[in-house]
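Remarks on the structure that follows.
Values in this text are rule-based calculations from the coordinates and carry no lab data. Since the structure is predicted, the reported quantities are computational estimates derived from the model, not experimental observations. As a convention, Cβ positions derive from the backbone with ideal geometry for all residues, glycine included, and neighbour counts pool all protein chains shown.
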Amino acid sequence: MLEELPTQEHPLSVMELSVVAPVFNEAGNLRIFVERLQKSIATLDISWELILINDGSTDLSMSLIRQLASEFSFVHFIDFSRNFGHPVAVSAGLDYAEGKAVVVIDADLQDPPEEIIRLYQEWKKGFEVVYAQRLQRNGENFLKKASASAFYRFLSWVTPFNIPLDTGDFRIMSRRVVEVIRNMPESQKFLRGQVAWVGFNQSYIQYERAERNAGSSAYSYRKMIRFAWDGITAFSTSPLKLVTVLGFITSFIAFVVGMYALYARYILQDYVAGWPSLMISILFIGGIQMIAIGIIGEYLSRIHINVQKRPLYIIKEKG
Ligand code: UDP
Ligand code: MG
């Protein structure tokens, strides 16, 4: 039944599958990556392409990409003028991918190319998105694992829709979902949030995330924090709500302390001159200010949401 929906058809697209892989200093991995991809996708017997996005690599990645493109007809590439960062590289890939289904995968072999088979087969069952959930993260230190895990849990807690836990960008998406994502004009890309936000029937497979083949992760802790913050602020206004709540709490404390200060001043007659008025005014003003910032923030967040110009809804099917 699902198979019959016009969901996975695109009149202009004859390509069955596009694989999009951002590349930043992956010279040591690219050849193995392409060969493993080719070997695994060959078993599917479909038309496919690989789009490599060179995100301002400073090593030999680009000349290797050119070489691979002349060797393998399925290899296409986009070369950025400089490093724009992983999320932007992925969006460029989505802009140029022609397939009825698009896979996003890392080029460092942490996402095993062989798993694309399972992603594709699951997608064929009629899902719009099939994401790959990590069972294990090999070769990453405790701090990275713990911070990633905390981030995913926090994000799913603060967002009103379901962002799957422990999934990176390794996933397959139908043309339809890709088009929706492409038409989201916001410049802070956060693919895993955007894809979850789109909705439709989504499924997942589980896999073991491998160690990086060669090179080192370009995601420093600073970049990871930036990334986490983008994810949280793009899909949630809870940090603002937190400020408002803190404002009310401070105001309440101010009130209690104020009552006590008045009690000490007039009933107990036990006070240091100036203390009650000072305490009351500091706490009171602090509380009022926080509430005010929170309220301003709420308005700002509405502007923020409108500036994003996301569509209000996405229709699955029309009768
Ligand atoms: N990458 C990129 N631009 C960057 C950093 C990374 O295109 O500025 C690519 C990188 O080549 C790899 C993928 O994005 O294919 C994931 O990067 P990385 O392995 O550094 O991240 P991690 O796996 O540690 O999260
Ligand atoms: Mg990696």
Distribution of pairwise C-alpha distances over the range 127-180, 10 Å bins, in %
21, 44, 28, 6
Trypsin sites (Lys or Arg not before Pro), restricted to the range 79-159: which are DSSP loop and have at most 16 other Cβ atoms within 10 Å?
Arg82, Lys125
Alpha carbon centre of the range 196-258 versus the range 83-134: separation in Å?
23
Fewest to most Cβ atoms within 10 Å: Glu186, Glu98 sort as Glu186, Glu98
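For Ser47 and Lys145, what does the FRET efficiency come to when R0 = 35 Å and r is the distance between their Cβ atoms, rounded to the nearest 0.05?
That gives a FRET efficiency of 0.35.
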As a percent rounded to 5, the proportion of antiparallel DSSP bridges among beta bridges in the chain is 25
Output ordering of 27-36, 61-70 (per-residue mean of other Cβ within 10 Å, highest first) is 27-36, 61-70
Gain on full stretching of the segment that runs from Leu165 to Thr233 - 0.36 nm per residue minus C-alpha separation
22.7 nm
In whole Å, what are the extents of the range 208-300 along the principal axes defined by its C-alpha atoms, from largest to smallest?
74, 29, 22
Given a cut-off of under 8 Å on Cα pairs at least six residues apart, what relative contact order in percent is computed for the chain?
18
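With viscosity set to 1.567 mPa s at 4 °C, what whole-number translational diffusion coefficient in µm²/s follows for the range 86-138 from Stokes-Einstein and a Kirkwood radius over Cα pairs? Before the final figure, lay out the partial values.
Details: Rh = 12.5 Å.
Approximately 104 µm²/s, per Stokes-Einstein.
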What nm distance separates the two modelled labels at Ile288 and Ile305, each placed 7 Å from Cα along Cα→Cβ?
2.9
Which of His304, His76, His86 fluctuates most in a GNM of the chain (C-alpha springs under 10 Å)? That residue is His304
Tell me, what is a quarter of the convex hull surface for the C-alpha atoms of the range 16-100, in nm² with one decimal?
5.1
Arranged from highest to lowest average of other beta-carbon atoms within 10 Å per residue, in what order do the peptides 191-197, 206-212 appear?
191-197, 206-212
For the chain, what is the largest minus smallest coordinate of the Cα atoms on each principal axis, given in angstrom and ordered from greatest to least?
90, 52, 35
